[in-house]
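As structure tokens, the structure follows; a few thoughts come after it.
The values are calculated or read from the model by the stated rules, or taken from the named source; none is laboratory data. The shown structure was predicted, so the numbers you read here are calculated from the model rather than taken from an experiment. Neighbour counts run over all protein chains shown; Cβ positions are idealised from the backbone, glycine included. Just the protein is used for accessible areas: all its heavy atoms, side chains included, with ligands, DNA and RNA removed. Shrake-Rupley method; radii C 1.70, N 1.55, O 1.52, S 1.80 Å.
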Amino acid sequence: MQPSGHRLRDVEHHPLLAENDNYDSSSSSSSEADVADRVWFIRDGCGMICAVMTWLLVAYADFVVTFVMLLPSKDFWYSVVNGVIFNCLAVLALS
């Protein structure tokens, strides 16, 4: 039986940045933008689908709360206060 240390040799470690990339303030802004573009977003199909579905669900919830629940309400200030609170929380949830 092989020792448990053999797994470490099979895994390849790839850094997110190349050896010549750094975050020094003396570097040019275009190279910083290139580094940020490479590191910030991972192109994962499942993650993108989940993100789009989350945005659509929050948009649908906003539609339902605003047009189905709050606008038909007879109390104007109740609708305004709850609409503002709900939309603020929805924006915070998506940000």
In the range 80-92, what count of residues is obtained for those that are open to solvent by 80 Å² or more (accessible area, probe 1.4 Å) and touching a Ser or Thr at 6+ places or on another chain (Cβ under 9 Å)? 0
Starting from the range 28-57, take each residue that is at pLDDT below 65 and list its partners that are among the aliphatic types (A, V, I, L, M) and not in a helix (DSSP H, G or I), counting only C-beta distances under 8 angstrom and pairs at least six apart or across chains. Val35/Leu17; Arg38/Leu16; Arg38/Leu17; Val39/Leu16; Val39/Leu17
